[in-house]
Amino acid sequence: MECSKLLGVLAFICFLIPVMSSSSERQFTAWSKLRVNLTRRSEGESNSAERLRSAVDRSKRRMNTIEAFVEQQIAGPLDTETPIRVGSGEFLMSVAVGTPSVSFEAIVDTGSDLIWTQCMPCQSCYTQPTPIFDPSQSSSYSTVSCTDSLCDALGAFQTGCTSDCTFDYMYGDGSETSGDLAYESFSIGSGSGSMVQGIAFGCSHDNQGRGFSQGSGLVGLGRGSLSLISQLGSKVDNKFSYCLLPITDSSSQTSPLFFGEGSSLSGANTIPLIKNSVNPSFWYIPVTGITLNGNPVNIPAGTFDLQSDGSGGMIIDSGTTYTYLNEVAYSPLREAIQSSIDVTPVEDSSGDLCYQKSDNMALPSLAFNFHGGANYNLPPENFFIPQYGDLLCLAMGSSRGLSIFGNVQQQNFHILYDNAQNTLSFKPTKCDSL
Ligand SMILES: *[C@@H]1O[C@H](CO)[C@@H](O)[C@H](O)[C@H]1NC(C)=O
């Protein structure tokens, strides 16, 4: 009898120990609302017309990359081809890595997951404005082993894993980065309490191409397990939000990106986010249609639905400037917009729908309709932007399959991504007032 009592106590202790240790491992203080300042990417353009033009050119390239990536995810890459990865963006944030820490500006990408920066020793590194991170000088650096589940998360981008986990990312524009997957301490934003240990990131020793100009690395904010939001997890309540200043804003103000508790939006519209197992990094939104001046545009039902093979659907992305719509939706929308405007469009070499700017031009009202009934009402400046100085052009284009909700359409909206509830919330907001 005493023996069985003892066994009971032992069993109780044995049961308690793992519970206690796992909870103490996970015990950390959640961050209170942490602000990170985003700056818009520029490539040294001399004026705002040039700056807008190159953002639109990058947008087109990004859309092509995303399209190629999606098609490859569905069909599988050819043996002879390095798979293409999405990995760029229009905004930069400051991060610090290592102990002692080294700061750098990283491109923020809601369309990919991996966080990476250039690392010493460089087999090949492009010029970056801040010193290149040297892991041999950091006391908090450790490599990720091949058996780590985060190494598996690299999927096709993992290269010849023997003991330590290595990767090779080829981007659509021919840029490439490869190196070791490692754990490090990262600080984001400023102030105390923003440091987190053991973030898996790509320490890249071989970087080629012009695709990363400005950023000394990248912060992935996609949905996959390697992304910053997934790795921060409950520390930030599995949420981030941002509010993007208009692309035409020429002040030096920054756009806020928030992490953590308290970033909930009161009075916002909330829609479900859809997961696509073929493209787990992307944030899919359930669009049912588009209305122009209150009338539904003649788009076949189901045009924006995600297909069972993983094709189609619509994603929301901060790194694509324009919105790209499946051509089945783009053509009728463009026609409807054109017939709603009482002025003849100007031929523009880009093929965009453009008008000569004039004060008395009345623009229609446009709304995206979501499953569940929520509408996203776009003010005119969120779909017509200045081009070449005196033209006003529709900030939308057509795509072959997948549609992308771009950043012009998101400006002056506070947008919250909730990766635990699988929801997206949005609310019109003057971003410079946050
Ligand atoms: C971010 O921008 C806000 C508002 O302009 C400013 O108050 C804050 O100091 C900035 N933070 C950093 C880290 O630069």
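Below, the figures for the structure above:
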{"item": "Count - residues of segment 352-362 that are touching a residue at least 12 places away in the same chain (Cβ under 8 Å), surrounded by fewer than 18 Cβ atoms within 10 Å (Cβ to Cβ) and either in a loop (DSSP other than H, G, I, E, B) or outside the structural domain of Gly302 (by TED's automatic domain parsing) (or both)", "result": "4"}
{"item": "Selection within segment 149-172 - under 28 Å from Gly89 (Cα atoms), free of Cβ contacts under 8 Å to residues at least 24 places away in the same chain and in contact with a Cys (Cβ under 7 Å, 6 or more places away or on another chain)", "result": "Gln158, Cys165"}
{"item": "Flag for Tyr376 being in a strand (DSSP E or B), in contact with a strand residue (DSSP E or B) (Cβ under 6 Å, 6 or more places away or on another chain) and farther than 30 Å from Leu34 by Cα", "result": "no"}
{"item": "Looking only at segment 253-269, and only at residues there that are modelled with pLDDT of 90 or more and in contact with a Lys or Arg (Cβ under 8 Å, 6 or more places away or on another chain), the one that is nearest to the ligand (Cβ to nearest atom)", "result": "Pro256"}
{"item": "From the options Ile315, Ile341, Ile385, residue that is open to solvent by less than 40 Å² (accessible area, probe 1.4 Å) and within 21 Å of the chain's Cα centre (by Cα)", "result": "Ile315"}
{"item": "Residue among Leu228, Leu218, Leu244 that alone is within 18 Å of Phe426 (Cα to Cα), surrounded by 23 or more Cβ atoms within 10 Å (Cβ to Cβ) and either more than 16 Å from the ligand (Cβ to nearest atom) or assigned by TED's automatic domain parsing to the domain that holds Ser103 (or both)", "result": "Leu244"}
{"item": "Residue that is farthest from Gln72 (Cα to Cα) [pool: residues in segment 389-404 that are out of contact with any Asp or Glu (no Cβ under 9 Å at 6 or more places or on another chain) and assigned to a strand (DSSP E or B)]", "result": "Leu392"}
{"item": "Residue in segment 170-186 that is within 16 Å of the ligand (Cβ to nearest atom) and at pLDDT 95 or above present", "result": "yes"}
{"item": "Count of residues meeting criterion [open to solvent by 10 Å² or more (accessible area, probe 1.4 Å) and of a type in the set (S, T, N, Q)] in segment 388-411", "result": "1"}
{"item": "Hey, Pro286 surrounded by fewer than 18 Cβ atoms within 10 Å (Cβ to Cβ), within 19 Å of the chain's Cα centre (by Cα) and not assigned by TED's automatic domain parsing to the domain that holds Met93 or not", "result": "no"}
{"item": "Flag for Thr65 being at pLDDT 50 or above and part of a strand (DSSP E or B)", "result": "no"}
{"item": "Filtered residues of segment 146-181 (kept if open to solvent by less than 50 Å² (accessible area, probe 1.4 Å) and touching a helix residue (DSSP H, G or I) at 6+ places or on another chain (Cβ under 7 Å))", "result": "Cys161, Cys165, Phe167, Asp168, Tyr169, Tyr171, Gly172, Leu181"}
{"item": "Test: residue in segment 313-321 that is without any contact (Cβ under 8 Å) to a residue 60 or more places away in the chain and closer than 29 Å to Gln387 by Cβ", "result": "no"}
{"item": "Any chance Leu325 is closer than 30 Å to Gly155 by Cα and not β-branched (Val, Ile, Thr)", "result": "yes"}
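The values are calculated or read from the model by the stated rules, or taken from the named source; none is laboratory data. If you're wondering where the values come from, they're calculated on a predicted model, not measured in any experiment. Quick reminder, even Gly has a Cβ in these numbers, built from the backbone with ideal geometry, and neighbours come from all protein chains shown. With ligands, DNA and RNA removed, areas are computed over all heavy atoms of the protein, side chains included. Shrake-Rupley method; radii C 1.70, N 1.55, O 1.52, S 1.80 Å.
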